[in-house]
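Report on the following structure.
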Amino acid sequence: MSAFIEQLPKVELHLHIEGTLEPEMVFALARRNGITLDYADESALRAAYDFRDLQSFLDLYYLGMQVLRTEQDYFDMTWAYLERVHRERVRHTEIFFDPQAHTDRGIPLAVVVGGIHRALEQAQRQWGLSSRLIMSFLRHLSEEAAFDTLRQAEPFRHLLAGIGLDSSERGNPPAKFSRVYALAREQGYRLVAHAGEEGPASYISDALDLLRVERIDHGVAATQDPALMRRLARERIPLTVCPLSNLRLRVVQDMADHPMLTLLAEGLCVTVNSDDPAYFGGYMNANYQALQDGLGASDGELLQMALNSVEACWLSPEEKAALVRDIRAHGQAFGVA
């Protein structure tokens, strides 16, 4: 790991908290809750992380979160992530969680939000690590189920910054959720959506035009549409790109094929993120390092991506300005403008 990357102040904008469940924690929570797993041990579970595509990952992802039962479980999961990224110089993080994957198992939303929020608050007090919490709808479920989740979230509205859309992209276009997104917008939520990971570039356009999102999660399929690329650059629509995720889910076959530097060179506001790091082999530092090792990204290009993340995040202008100063000072210390 390069010293430049290790010490670079970072912002993470695309992180599924359930995707931080390392095998060791899965087994620890299973023991705590009296759950028998289908895998003999941690090594056997990790060996299963050989995914053919997004769906093969999701099948294991939803299986893994079955061990989450109590508020303390959700706290412990979130705290383990925060401890890790604090060591990796992450200064601000915007975290997704999937309420339907828990409430459909009979876990009250208060338990889920309570545990996650308590950990986020403790990280703010202890380290000054700021955060925002984003509630994601599962797109393989119906829009009516999303409406129901939005209603269930009303008591926790003050703890939720935004609405997201994740899970199986193929066959579940943004248009499916246009009405619930309109209601979320009326309720004051900020809006993002996964688009253009396995789905086509048109899903990115639809997320912008039909869902009226301000950020696109993934978005690598934008390279299929030159007009869309120009629009994204012109409007400074952030893309929260996840390099190691794209590699492990075979969106790209080799890191050398990843379009990140093409997107950056075309003037898009691309950012580096880890997605589901326990499953994809790397947290923030590893994703930055993969871009340098696999694509030859320069320290200057990585610095620009870090600055893009500040631009794209939901901190106040004053907080953003302080982070920009720290990132630029880091670059100057390493001779990077």
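The values are calculated or read from the model by the stated rules, or taken from the named source; none is laboratory data. Just so you know, these numbers come straight off a predicted model, no measurement behind them. Methodologically, a virtual Cβ is constructed for each residue, glycine included, from the backbone with ideal geometry; neighbour enumeration extends over all protein chains shown.
Is one or more of the residues making up the range 146-158 closer than 27 Å to Ser309 by Cα, surrounded by fewer than 17 Cβ atoms within 10 Å (Cβ to Cβ) and modelled with pLDDT of 95 or more? Yes, the conditions are met somewhere in the range 146-158. Each residue in the range 240-282 was checked for being touching a residue at least 12 places away in the same chain (Cβ under 8 Å), more than 21 Å from Phe96 (Cβ to Cβ) and of a type in the set (D, E, K, R), and 3 pass. Residues in the range 84-106: is at least one more than 28 Å from Ala306 (Cβ to Cβ), out of contact with any helix residue (DSSP H, G or I) (no Cβ under 9 Å at 6 or more places or on another chain) and either modelled with pLDDT of 95 or more or not in a helix (DSSP H, G or I) (or both)? Yes, the range 84-106 has at least one match.
When the range 153-186 is examined, which residues are found to be assigned to a strand (DSSP E or B) and of a type in the set (Asp, Glu)?
Taking the range 153-186 first, the residues assigned to a strand (DSSP E or B) are 162-166.
Correct list: Asp166 only.
Of the residues making up the range 222-242, those that are surrounded by 17 or more Cβ atoms within 10 Å (Cβ to Cβ) and either in contact with a His (Cβ under 8 Å, 6 or more places away or on another chain) or at positive phi (or both) number 4.
Here the range 187-221 is the region considered, the condition is being in a strand (DSSP E or B) and of a type in the set (Lys, Arg), and the residue that is surrounded by the most Cβ atoms within 10 Å (Cβ to Cβ) is Arg215.
Out of the residues in the range 243-282 meeting the condition of being among the polar types (S, T, N, Q) and over 17 Å from Ile17 (Cα atoms), tell me which one is surrounded by the most Cβ atoms within 10 Å (Cβ to Cβ). By that ranking, first place goes to Thr271. Any residue in the range 48-64 that is modelled with pLDDT of 90 or more and of a type in the set (A, V, I, L, M, F, W, C)? Scanning the range 48-64, I find no residue that is modelled with pLDDT of 90 or more and of a type in the set (A, V, I, L, M, F, W, C), so the answer is no. Would you mention how many residues in the range 298-319 are closer than 22 Å to Val336 by Cα and free of Cβ contacts under 8 Å to residues at least 40 places away in the same chain? Adding up the residues that qualify gives 3. Considering only residues that are assigned to a helix (DSSP H, G or I) and β-branched (Val, Ile, Thr), which ones fall in the range 1-47? Listed by number, the residues that qualify are Ile5, Ile17, Thr20, Val26. In the range 283-297, the residues that are at positive phi and surrounded by fewer than 23 Cβ atoms within 10 Å (Cβ to Cβ) reach residues that are at pLDDT 95 or above and part of a helix (DSSP H, G or I) with C-beta atoms within less than 9 angstrom, at least six apart or across chains, in these pairs: Gly296/Ala256; Gly296/Leu261.
Restricting Arg46, Arg89, Arg84, Arg69 to residues that are within 22 Å of Val270 (Cβ to Cβ), among the basic types (Lys, Arg) and surrounded by 16 or more Cβ atoms within 10 Å (Cβ to Cβ) narrows the list to Arg89.
Here is a check on your reading of the model: is Glu301 closer than 26 Å to Ala161 by Cβ and either charged (D, E, K, R) or surrounded by fewer than 16 Cβ atoms within 10 Å (Cβ to Cβ) (or both)?
Values: closer than 26 Å to Ala161 by Cβ: no; either charged (D, E, K, R) or surrounded by fewer than 16 Cβ atoms within 10 Å (Cβ to Cβ) (or both): yes.
In short, no.
Among the listed residues Glu71, Glu18, Glu94, identify the single one that is within 27 Å of Phe137 (Cα to Cα) and either touching a Cys at 6+ places or on another chain (Cβ under 9 Å) or aromatic (Phe, Trp, Tyr) (or both).
Numbers: Glu71 fails: either touching a Cys at 6+ places or on another chain (Cβ under 9 Å) or aromatic (Phe, Trp, Tyr) (or both); Glu18 fails: either touching a Cys at 6+ places or on another chain (Cβ under 9 Å) or aromatic (Phe, Trp, Tyr) (or both).
After applying the criteria, what remains is Glu94.
When every residue of the range 116-132 is checked against the conditions, none turns out to be within 14 Å of Lys10 (Cβ to Cβ), of a type in the set (D, E, K, R), in a strand (DSSP E or B) and in contact with an Asp or Glu (Cβ under 8 Å, 6 or more places away or on another chain).
Is it true that Asn287 is assigned to a helix (DSSP H, G or I), touching a Ser or Thr at 6+ places or on another chain (Cβ under 6 Å) and farther than 30 Å from Ser56 by Cα?
Values: assigned to a helix (DSSP H, G or I): yes; touching a Ser or Thr at 6+ places or on another chain (Cβ under 6 Å): yes; farther than 30 Å from Ser56 by Cα: no.
When the stated conditions are applied, Asn287 does not pass them.
Given the condition closer than 28 Å to Trp314 by Cβ, under 22 Å from the mean Cα position of the chain (by Cα) and touching a residue at least 60 places away in the same chain (Cβ under 8 Å), answer yes or no: does some residue in the range 43-56 qualify?
Narrowing the range 43-56 to residues closer than 28 Å to Trp314 by Cβ: 54.
Now drop any that are not under 22 Å from the mean Cα position of the chain (by Cα), which leaves 54.
Those left that are additionally touching a residue at least 60 places away in the same chain (Cβ under 8 Å): 54.
Checked against the condition, which is being closer than 28 Å to Trp314 by Cβ, under 22 Å from the mean Cα position of the chain (by Cα) and touching a residue at least 60 places away in the same chain (Cβ under 8 Å), the range 43-56 yields at least one hit.
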